[in-house]
Amino acid sequence: MSTSLLAVLTPFEAEHFFPEPLLADLRALFPDFRQLDPTDLSPAAFAEKLAEADPAILLTCWKTPLLPTALPPRLRYVCYLSGSVKTLVTHAHLERGLLVTNWGGAISRVVAECALLHTLACLRRSTRWTLSMHQQGAWKNGLTDAASLFERRVGIHGFGPVAREFIRLIRAFNCHVSVFAPDVDSTHEREFNLRRAPSLESLFSHSDVLIELAPLIPATAGIVTEKLLRLLPPGAAFINVGRGGVVDETALIRVAREGQLLCGLDVFAHEPLAPDHPLRGLPNVFLTPHFAGPTSDRYTDATAHALLAALALTGATLTAQEKLPDERAPLAAQPPATPTSLPGAETHFYRTGASAPMRLFVFKPAGWTAQDKRPALIHFFGGGFTHGVPTQAVGWAKNAAQLGLIGIAADYRVKERFPTDATACVADARAAVRWLQEHAAELGLDPAKLVVSGSSAGGHLALWTAITATPLSGDPAEAPLQKPAALILMSPACDSSVATGQRAERFGPNPDAYSPQQHLDAKMPPTLLFHGDADTIVPFKYAVALDAKLRATDNDCEFVPMPGGGHGFTLPEWKDQAPKRIKAFLQRQKLIP
C-alpha cells in the first residue's frame, strides 16, 4: 500500500513551493495524494477534514491551522515547508511521538546572502546616502563617508548553518573571522579558517562587523545587552538576521540614536515593526521587513528539502529522488513542463494541433449549471513573454470562482516553452478570448460579462484583447467578438514601443505595432490598474502614463498606486487590499452582487 499524503496548501503556497512540474512530481511520488486549501477553514472544519483524510504524512505551510489535539490514527509525520512550527504543533503532539521537520538548512545560504546585503549596506552607509539623495538632492562632498568589507574583522555570534554559509560567502573579502558559540571546536577552526572567541565580550570588542545569529532560547533571550553593543568599535556594524529577541532592543535604540553604531536589522522584538518605531528614519540603520529568506525564486529549495525528508521516511529509492531539484543548485535550466490539466479545473483547447495546442483551465463556481449565463474572468500570467506557466493564474481563477464568476487560467506560447517571439503571445490572448465568446453557451458564460485580467506581460496581453485593431501579422479571424466587460491590470507592461517602452526587442522587427499603449481605442473597458511605485521591472511611470491616456479620453480607470510596492504582491498591503478593491470594482461594474 502506498503512503498517503495530504498537502494542506493555499493556492499561493502551492504555486510558489510546487510550481509545475514539481506538483506533478509530488503526485507521482505519492500516488495516494490529496490536496486541501485551508483558506477560511475554521479549526473545527480543519480537524474534520484532517480526520476524514487520515494521512500518514501531512505536508503543511504558513497558512496551515494549528493541528487538533486528537490527531488522525495514521498520521506519523508532519513535513512543514517553512520555518518555525510553533503555530502548527504543540509539545503534546511531539511527546506523543509525532515526527516534525521544517525547512532546516535548506534556506541558509539565502539568509546568509541577506546578511551580506546588510553588511555591505551598513559599511557603505546606504541608508544615509539613499535618504539624502532622494529627499535632499545630496551628492558626495569631499571624502566619501563609506567603508569596505575587505580585510575586516568579522565576528559571528552563533554557528549554525547560516553562519557557515556566511563564512563561505565572504571568503573573497579576505576577512578575519571570529566566532563565539558553544559548539565551535578546533576542527571548525581549521575547516572554516576562523578563530574561536573566548567570550562574547571579546567577540564584540574585536569585531568591525558583528553578525548576530544565535538561536532564541531561554538562555539567549536579551543576551545582547547595551554593554556588549558599546564594546563594538566606533563605526562598527551590528547585523541581525537571526532572531530579534536575542537583543535588548531598548538598549539597541539608545545606542543607535547616538549615530556611532551602524545597524542592519531584518528581525525585531515585536513584528511587524510599528510605523512609529524609533528605529525608523535613523540614517545609520538599514532595515528590512524580516525577509532574509527564502526569496520567492528559492522557495523550491525548501520544497526539495521537504520531499527528500518525506522520501527518506517512506524508504523510497534514489531513482525517485533523482526527479527532485537540487536545493544547492541554480534553478533548473530545462524549461518547465506545459501542464495538460490542473486539479479542480476543466481543460479546454482554444488552439489545436500537434505543434502548439493551447489550453484554458476553467474553474466553475459553486452552484453552476449548464443553463447559466455567468460572468467570467480570464487571467494571463506574467513572465516577460519568455517564461511562465498557467499555474501562476490559478489563484486568480479560483478567487474569481469564489466570487461566483467562472474563473479561467489561460496558457499561451512563451519563448521558454515554444519557439516563438512575443507576437505569438498577443495572438494567443486574443484567440483565447474569441474562443470563450464563441463557446459561451457550452460554458454557461455570458460573453458580455467577460473580465480580462493580467499581470506584468499578461497585462500587456489583457489590453490587446480590448483593442479593436488587429496587430501586425495578426489574424482578424481570431479577434475578440466584443470588448471585455472590464480589465484588471497588475503592474502591466503596457508600452513596448521602441521610443518609450520596454522589451521592444521581443516583438520582432516591428515592435511599435505591438505596443498596446500606442493603439488604445478611444473607448476602452472600465479598468482597475494596480502598480507599485517601487517597481524596478516595469517602472511606475508606465502605469502613470497609461492612466493619464485612459483618462484623457474620458475612460473609466481606477488607478491604485501601491506605496513601496515592487513588481507583484511583494507587500502585505497588496495581498490584503487588492482582493477587496477587485471585489468592489466588480460590484461597481455590476458583474457581481
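Quick notes on this structure:
- Considering residues of segment 502-521 that are within 16 Å of Gly459 (Cα to Cα) and among the aliphatic types (A, V, I, L, M) only, the residue nearest to the chain's Cα centre (by Cα): Ala504
- In summary, Ser82 fulfils each of the numbered conditions (1) polar (S, T, N, Q); (2) within 30 Å of Val177 (Cβ to Cβ); (3) open to solvent by 20 Å² or more (accessible area, probe 1.4 Å) with the single exception of condition (3).
- Residues of segment 155-187 satisfying the condition of being more than 30 Å from the chain's Cα centre (by Cα) and either open to solvent by less than 30 Å² (accessible area, probe 1.4 Å) or among the charged types (D, E, K, R) (or both): Gly155, Cys175, Val177, Ser178, Val179, Ala181, Asp183, Val184, Asp185
- Residue within segment 185-207 that is aliphatic (A, V, I, L, M), over 23 Å from Arg152 (Cα atoms) and modelled with pLDDT of 95 or more present: no
- Pairs with Cβ under 8 Å, 6+ apart, first in segment 26-42 and at negative phi and modelled with pLDDT under 95, second among the hydroxyl-bearing types (Ser, Thr, Tyr) and open to solvent by 50 Å² or more (accessible area, probe 1.4 Å): Phe30/Ser2; Pro31/Ser2; Asp32/Ser2
- Segments classed as helices (runs of 4 or more DSSP H), wholly inside segment 242-330, with at least 3 members that are at pLDDT 95 or above and surrounded by 14 or more Cβ atoms within 10 Å (Cβ to Cβ): 249-257
- For Phe150, the criteria (1) assigned to a helix (DSSP H, G or I); (2) open to solvent by 40 Å² or more (accessible area, probe 1.4 Å); (3) in contact with a Cys (Cβ under 9 Å, 6 or more places away or on another chain) hold in every case but one, which is (1).
- For segment 523-557, the candidate set comprises residues that are among the polar types (S, T, N, Q) and over 30 Å from the mean Cα position of the chain (by Cα); within that set, the residue that is most open to solvent (accessible area, probe 1.4 Å) is Thr553.
- So Cys122, is it under 30 Å from Val78 (Cβ atoms), open to solvent by less than 40 Å² (accessible area, probe 1.4 Å) and not polar (S, T, N, Q): no
- Number of positions in segment 24-34 that are of a type outside the set (D, E, K, R) and either surrounded by fewer than 18 Cβ atoms within 10 Å (Cβ to Cβ) or under 17 Å from the mean Cα position of the chain (by Cα) (or both): 3
- Out of Glu20, Glu52, one residue alone is within 21 Å of Pro294 (Cα to Cα), open to solvent by 20 Å² or more (accessible area, probe 1.4 Å) and of a type in the set (Asp, Glu). It is Glu20.
- So Arg351, is it open to solvent by 10 Å² or more (accessible area, probe 1.4 Å), at pLDDT 95 or above and either within 25 Å of the chain's Cα centre (by Cα) or among the basic types (Lys, Arg) (or both): no
- Checking Asp421, Asp475 one by one, the residue that is touching a residue at least 12 places away in the same chain (Cβ under 8 Å) and in contact with a Gly (Cβ under 6 Å, 6 or more places away or on another chain) is Asp421 and no other.
The values are calculated or read from the model by the stated rules, or taken from the named source; none is laboratory data. Note that the coordinates shown come from a computational prediction; the quantities given were computed from them, not determined experimentally. Quick reminder, even Gly has a Cβ in these numbers, built from the backbone with ideal geometry, and neighbours come from all protein chains shown. Surface accessibility is based on the protein's heavy atoms, side chains included, excluding ligands, DNA and RNA. Shrake-Rupley method; radii C 1.70, N 1.55, O 1.52, S 1.80 Å.
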